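S.K.: Can you keep this structure in mind? I'll have questions shortly.
The values are calculated or read from the model by the stated rules, or taken from the named source; none is laboratory data. Note that the structure is predicted; figures quoted are calculated from it, not measured. Counting neighbours? That spans all protein chains shown, and the Cβs are built from the backbone with ideal geometry, glycine included. Accessible surface areas use protein heavy atoms only, side chains included; no ligands, DNA or RNA. Shrake-Rupley method; radii C 1.70, N 1.55, O 1.52, S 1.80 Å.
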Amino acid sequence: MEKQRKIKGYITDAKYLWGVGYRAIERKFGFPNSSLRSGFGIYRLKEIPRAEQILVRPYSQIDEELFARQMGLDVGQLEHISEKELSKKYKDIFGLDLSVLKRNALNELEKVGIRNIVKIIAKNRIIWPGNESFIGEGIPQWKLISEVHAELIKEIPADCIDNINCI
């Protein structure tokens, strides 16, 4: 796996990864079964995302496709809709202020801290479509809609995935 790369997609707090096996990580974060079996990398962000780099949902445990349908959009449109139009949809559909949701998400990311914001990247990404639309067990996750610099902090090889001491 690359040591340095730009990433986007779902990020989380590293504390939810340590001391559990790959099956627990799949379950907690909603990855398809066995999608991490070939091994995976844990990448740490090198910068805290800006408001325009994250997509927030009115509540975190909603499938991305369902969320898009509620908004009257296709999943692919979520990342490309203007902030003004998105804000209007949040207000009209959910009665929520998008700027408040983003501010809350950024405050939470600040609390987590730059050293603890990570992304899990499976070695075999062919297993699911490009849309990471997973529902897990309520672990906080935020979606990066534009690329952010990250560094590999841990690579979990396939022969080690069942050993919780590897993670």
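S.K.: Restricting to the range 1-55, name every residue that is within 28 Å of Lys89 (Cα to Cα) and assigned to a helix (DSSP H, G or I). Reasoning before the result, please.
M.R.: From the range 1-55, those within 28 Å of Lys89 (Cα to Cα) are 7-12, 29-30, 48-55; that's our starting set.
Result: Phe29, Ala51, Glu52, Gln53.
S.K.: For Gly76, only one of the following conditions fails: (1) at pLDDT below 90; (2) open to solvent by 60 Å² or more (accessible area, probe 1.4 Å); (3) part of a helix (DSSP H, G or I); (4) not hydrophobic (A, V, I, L, M, F, W, C). What is its number?
M.R.: With (1) at pLDDT below 90; (2) open to solvent by 60 Å² or more (accessible area, probe 1.4 Å); (3) part of a helix (DSSP H, G or I); (4) not hydrophobic (A, V, I, L, M, F, W, C) applied to Gly76, the lone miss is (2).
S.K.: While we're on this one: Which one of Ile81, Ile121 is on the phi < 0 side of the Ramachandran plot and touching a residue at least 60 places away in the same chain (Cβ under 8 Å)?
M.R.: Going through Ile81, Ile121 in turn, just one is on the phi < 0 side of the Ramachandran plot and touching a residue at least 60 places away in the same chain (Cβ under 8 Å): Ile121.
S.K.: List the residue pairs whose Cβ atoms are under 8 Å apart, where the first residue sits in the range 48-61 and is open to solvent by less than 30 Å² (accessible area, probe 1.4 Å), the second is at pLDDT below 85 and among the charged types (D, E, K, R), and the two are 6 or more positions apart or on different chains.
M.R.: Partner pairs satisfying both residue conditions: Leu55/Glu79.
S.K.: Of the residues that sit in the range 5-37 and are among the hydroxyl-bearing types (Ser, Thr, Tyr) and modelled with pLDDT of 85 or more, which one is least open to solvent (accessible area, probe 1.4 Å)?
M.R.: Thr12
S.K.: Another question about this same structure. Which condition does Val118 not pass, out of (1) buried (at least 17 other Cβ atoms within 10 Å of the Cβ); (2) more than 28 Å from Ser38 (Cα to Cα); (3) modelled with pLDDT of 85 or more; (4) within 16 Å of the chain's Cα centre (by Cα), if it passes all the others?
M.R.: Unmet for Val118, out of (1) buried (at least 17 other Cβ atoms within 10 Å of the Cβ); (2) more than 28 Å from Ser38 (Cα to Cα); (3) modelled with pLDDT of 85 or more; (4) within 16 Å of the chain's Cα centre (by Cα): (2).
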